[in-house]
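In what follows, a single structure is set out as structure tokens and then discussed.
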Amino acid sequence: MDFFKVENISKRFGGLTAVDKVSFEVSKGEIFTIIGPNGAGKTTIFNLISLIYPLSGGRIMLDGQDLTGMASHRVGAAGVGRTFQNIELFEHATVLQNLLVGCHTHVRTNLVSEMLFLPGLRRKEVELRERVETVIDFLNLQSVRDSLVNGLPYGVRKVVELGRALCMQPKLLLLDEPSSGLNTEETDDMAFWIHDIRDQLGITVLMVEHDMGLVSRVSDRVLAVAEGRPLALGTPAEVQSHPAVMTAYLGK
Amino acid sequence: MRYIFKTHHRQDLQLFRDGFEASWFLLLGAALLVAPFVLGNYALSLLSFIFIYSIVGFGLMLLTGFTGQMSLGHAAFFAVGAYTEAVLQARGWPFVASAPSAILLAAAAGIVIGLPALRLTGIYLAIATMSFNFIVEEALARWESVTGGNAGMAVPRIKLVTESLPAGVPMYMLCLVCVVAVGLVVRNLLRSPSGRAFIAIRDSEVSAQSMGVNLAYYKTRSFAISAGITGLAGALYAHQIKFLGPDQFTLLVSVEFLMMVVIGGMGSLHGAVLGAVFMIGLPELISRVKVLLPSAIADQTGLNAVVFGVLTVLFVLFEPLGLFGRWVKIRTWFSLFPAYRKGMFKRQKSYAKSERLA
């Protein structure tokens, strides 16, 4: 049985069909990339998978669980972590606080113990920080641990956002254009981390990416979409040389 | 410049950043405990009002400054607390029972008014909360059998458990205990998962949701806690002012509360207290200065309103982080002297956000 499966998902905004019956399967431990020209519906597919938009049709299955119709705040606990194309960090909070919010699905507390900050909660908070510290070590964020996000350069914010998604301990990690706005050196780091996330943490990665260099370096398989419909599926090289893909990008 | 080297996660969870900061708070606490023996009755009652406003400030700061939900209806929660307290005390309930009732009733009102907040944001939420303020104000004027209508109602002397307390020092001490307790509760909340969820909602609803924060639940929770805290402040206010009428809980008072947190400094608890000091202290200062002014200026009606208005505009324009923001700059200037640069607190360019979801 497949680890992650998307069956005929569609999304219509009024008369516009942004995603039209897209299906694909991702096996455990795979790095799967969706590419496509601007407005092809890549981010919409992500928003459908993370249930930010309700589906107009189709089904999403993760590890035997049906995600279809789940409330959007439950998708994290179901094992889907994500980053955003234009960075959606909590700007006026420290990096540590941002990462701790990533752990939100793993805490159960009650209001009274929070108001009085009872010892049980204190222990739990230390535990959470220990967990966050492993992510900080993994991504080399020690130097900015206590800095406010709104003072950090773009490249670092990108990494913090990746870290926040890792703190959710997801089974499936959605990366929306992980290299956008990064310089070549930072993109190299990102490529290493994406490999490490799969190899060391065992997290399956699904990403949307424009930088074909990065795509061919890290992806196992690539799906090309245009105008909301799938065009081609295969290894990066196969998809890049597929005639339909070349037409979609370059015209006839 | 002091650097804090953290060697254990417990250091992140401390109430105070370091011993230095703790000692300042101890000093302030000691000064406030000694105050009744040094200051006169008038000064004490001013301090009590500052405490009461600080409690409101904590409540409103939690909602507006930390959860990002605008409220122009806090005078209504304040009124619910004040009238509940007055009515129950008149029926012989002691403070230990009537104050919790005031808190709970105000919190319930907060939940009700929090429901539209699940769909509304920004200015629309402000309008919804504002209309709630009008409704409560109107209800207070019309429900004569309970509230005494526009004629108002006298508040009995406060009964803590069994005995009536004399005004003055005991009331001051009660307000002091309450403000410290509320301050601690809010501070604790903010270093807990709930507090982080509030901040997450304020800064980005869409990613908060993706991190597993249930927006509806936490917004309602924030409204309830904020309203409950304001209700407690209302209960204390009832005893401090000794007479309640609907005109004490108008929209203008809600605006004043909001001004208080804005001038104090959004997103900081220090700001709530500084704002309260400002709101109570400024009219006092104006009335002191007034006697020195020529009568053409001093006798103008609305002098207070003009000064408040001008100062608020100036703060919004030049010091959006309020009194606390100013204090942080002064502190940084001293700790970095002579290396402080003018642009250090320039706001960073903000990057484009993903499309907001309607």
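A short reminder: the numbers here are calculations on the coordinates, not readings from a lab. Bear in mind that the values here come from a model prediction, so they are computed numbers and not experimental data. Here the Cβ positions follow ideal geometry from the backbone for every residue, glycine too, while neighbour counts run over all protein chains shown.
Treating each Cα of the stretch B:177-326 as one equal point scatterer and applying the Debye formula with no solvent, the log10 of I(q)/I(0) at q = 0.10, 0.11, 0.13 Å⁻¹ comes out as -0.47, -0.57, -0.76.
Counting only DSSP beta bridges with both residues in chain A, the antiparallel share comes to about 55 percent.
Using the alpha carbons alone, the radius of gyration of the stretch B:21-249 stands to its Kirkwood radius in an Rg to Rh ratio of 1.00.
DSSP beta bridges fully contained in the protein assembly as shown are about 60 percent antiparallel.
For B:L72, the residues whose modelled amide H falls within less than 5 Å of its own, excluding neighbours fewer than 5 places apart on the same chain, are B:T129, B:M130.
At 0.36 nm per residue, minus the direct Cα-Cα distance, what do B:F243 and B:S164 gain on full extension? Give it in nm, one decimal, please. Write down the numbers at each step before the final one.
Values: separation 79, 0.36 × 79 = 28.44 nm, distance 1.68 nm.
Once the chain is fully extended between B:F243 and B:S164, it gains 26.8 nm.
Each eigenvalue of the Cα gyration tensor of the stretch B:272-341, multiplied by 5 and square-rooted, gives one semi-axis; in descending order these are 31, 13, 12 Å.
Placing a label point 7 Å from the Cα of B:A43 along the Cα-to-Cβ direction, the residues of the stretch B:286-322 whose backbone N falls under 20 Å of that point are B:286-290. Note on the stretch A:146-252: Cα-Cα pairs beyond 17 Å make up 58% of the total pair count. Across the stretch B:189-205, coupling constants 3J(HN,Hα) worked out from phi with the 6.51/-1.76/1.60 Karplus curve, θ = phi - 60°, read 4, 5, 9, 9, x, 4, x, 5, 5, 4, 4, 4, 5, 4, 8, 6, 5 Hz, and Gly and Pro carry x. Here the Gaussian network model covers chain B, with springs between Cα atoms less than 10 Å apart; of B:Y83, B:Y217, B:Y172, B:Y217 fluctuates the most.
Label-to-label distance for A:D137 and A:T109 is 2.5 nm, based on points extended 7 Å past Cα in the beta-carbon direction.
Can you divide the C-alpha Rg of the protein assembly as shown by 2.2 N^0.38 Å and report the result to two decimal places?
Working: Rg = 27.9 Å, N = 610, 2.2 N^0.38 = 25.2 Å.
Ratio of Rg to 2.2 N^0.38 Å for the protein assembly as shown: 1.11.
With a Förster radius of 22 Å applied to the C-beta separation of A:R145 and B:W327, the computed FRET efficiency comes to 0.35. For A:R229, nonlocal amide neighbours, meaning residues 5 or more places apart or on other chains whose placed amide H falls under 5 Å from its own, are A:D20.
Using Cβ counts within 10 Å as a stand-in for footprinting exposure, how do A:Y249, B:Y237, B:Y3 rank, fewest first?
Details: A:Y249 15, B:Y237 28, B:Y3 4.
Ordered from fewest to most neighbouring Cβ atoms within 10 Å, A:Y249, B:Y237, B:Y3 come out as B:Y3, A:Y249, B:Y237.
In sequence order, the stretch B:5-20 has phi-based couplings of 8, 8, 10, 8, 4, 4, 5, 6, 9, 5, 5, 10, 4, 7, x, 4 Hz under the Karplus curve 6.51 cos²θ - 1.76 cosθ + 1.60, θ = phi - 60°, and Gly or Pro positions carry x. Projected onto planes of every orientation and averaged, the convex hull of the alpha-carbon atoms in the stretch B:266-308 covers 3.3 nm². Once the Cβ-Cβ distance between A:L16 and A:R217 is put in as r, and R0 is 25 Å, what FRET efficiency do you end up with, to the nearest 0.05? Between A:L16 and A:R217 the formula returns 0.15. Full extension of the chain segment joining B:I111 with B:F5 gains 33.9 nm, where the gain is 0.36 nm per residue of separation less the Cα-Cα distance. Dipole magnitude for the stretch B:21-249: computed about the Cα centre from +1 point charges on Lys and Arg Cβ and -1 point charges on Asp and Glu Cβ, it is near 340 debye. With a cut-off of 18 Å on the backbone N, the residues of the stretch B:266-299 near the modelled label site 7 Å out from B:E319 along Cα-Cβ are B:266-286. Once the Cα-Cα distance is subtracted from the 0.36 nm per residue extended length, the B:L120 to B:H270 segment shows a gain of 51.2 nm.
Arranged by the count of other C-beta atoms within 10 angstrom, fewest first, what order do A:E185, A:E177 take? Let's see the in-between values first.
On the way: A:E185 9, A:E177 21.
The most exposed by this proxy come first: A:E185, A:E177.
Close amide H contacts of A:S147 (hydrogens built in the peptide plane, cut-off under 5 Å, sequence separation of 5 or more or a different chain): A:V95, A:L96. Looking at the stretch A:79-128, the trypsin sites (Lys or Arg not before Pro) that sit in a DSSP loop and have at most 16 other Cβ atoms within 10 Å of their own Cβ are A:R108. Applied to the stretch B:97-104, the Karplus parametrisation 6.51 cos²θ - 1.76 cosθ + 1.60 on θ = phi - 60° returns per-residue 3J(HN,Hα) values of 9, 6, 5, x, 5, 4, 4, 5 Hz, with x for Gly and Pro. Each DSSP beta bridge with both residues in the stretch A:115-252 is either parallel or antiparallel, and the antiparallel ones are about 50%.
Counting every other Cβ atom within 10 Å of each residue's Cβ, B:L63, A:L116 order from fewest to most as A:L116, B:L63. Take the convex hull of the alpha carbons in chain A; its mean projected area over all directions comes to 14.9 nm². Its Cα gyration tensor gives the stretch B:67-195 an equivalent ellipsoid; the semi-axes, largest first and in whole Å, are 28, 22, 11.
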